[in-house]
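Trainee: Got a structure here, written out as structure tokens. Questions coming.
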């Protein structure tokens, strides 16, 4: 089944939006995107919850919470995710490196979001699918061992005084860009 980012139905009002959700049975049969997300030691419940919500919105195949990444059940994650942790396929793994190696062995293209000398602008990526976006902590980023396994290291241009965006914001930009690439294929 080909994946498409096109919504099932576009509601025309707030009232219709609240009434236009698909049934649980229909939802479980929807095709998921050929995208995975790996979170490498994220300790912010806000970021984890926001990424759960994003993963639900884009029907990602699976979300891997690795290492010391916070995971459900967690009240702050549940609040920020608006309960989407119930609908997103997810798994906690102890090792980010082992998870990445397993995905690579399965033929998944690995993109790491990181500011480095090897980073390319996100608009210039040419990934194959399935693909996995790896995100690390804002404080110290993705480990060098994980970066060594990447097929591509990608970054967003920053023009202001700060050197990076919030990890959930970065995830939003990059995941929507990946979906644009899928829809152009």
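Trainee: Which percent of Cα-Cα pairs in the stretch 86-171 sits in each 10 Å bin, short to long?
Mentor: Spelled out bin by bin, the stretch 86-171 gives 16, 49, 30, 5, 0 percent.
Trainee: Which number do you get for Rg(Cα) / (2.2 N^0.38 Å) in the chain?
Mentor: Values: Rg = 16.3 Å, N = 185, 2.2 N^0.38 = 16.0 Å.
Here the Cα radius of gyration is 1.02 times the empirical estimate.
Trainee: Here's a follow-up. How would 172, 144 line up from fewest to most surrounding beta-carbon atoms within 10 angstrom?
Mentor: Starting with the residue having the fewest Cβ neighbours, the order is 144, 172.
Trainee: Further question on the same structure: May I ask for log10 I(q)/I(0) of the stretch 39-101 at q = 0.19, 0.27 Å⁻¹, from a Debye sum over the Cα atoms as equal point scatterers with solvent left out?
Mentor: Results for the stretch 39-101 at q = 0.19, 0.27 Å⁻¹ read -0.61, -1.15.
Trainee: If the elastic network links every pair of Cα atoms under 10 Å, which of 125, 77, 35 fluctuates the most in the Gaussian network model of the chain?
Mentor: Its mean-square fluctuation being the largest, the pick is 125.
Trainee: Another question, if that's okay. Mean separation of Cα pairs under 8 Å and 6+ residues apart, divided by the residue count of the chain: what relative contact order is that in percent?
Mentor: Value for the chain: 22 percent.
Trainee: What does DSSP give for the stretch 33-184 in terms of the percent of beta bridges that are antiparallel, rounded to the nearest 5?
Mentor: Here the antiparallel bridges make up roughly 5 percent for the stretch 33-184.
Trainee: Shifting gears a bit: Comparing 133, 165, 39, which has the greatest mean-square fluctuation in the GNM of the chain with Cα pairs linked when under 10 Å apart?
Mentor: 165
Trainee: Sticking with this structure for a sec: Please give the FRET efficiency for residue 129 paired with residue 97, using the beta carbon to beta carbon distance and R0 = 30 Å, rounded to the nearest 0.05. Kindly include the intermediate steps, with their values, before the conclusion.
Mentor: Numbers: r = 22 Å, r/R0 = 0.75.
After rounding, the FRET efficiency stands at 0.85.
Trainee: Another question, then. Anyone know which of 173, 108, 60 comes out most mobile in the 10 Å Cα GNM of the chain?
Mentor: Result for the chain, Cα springs under 10 Å: 173 fluctuates most.
Read-outs: derived from the displayed coordinates by stated rules, not from any lab. Note that the structure is predicted; figures quoted are calculated from it, not measured. Glycine gets a Cβ as well: all are built from the backbone with ideal geometry, and neighbour counts include every protein chain shown.
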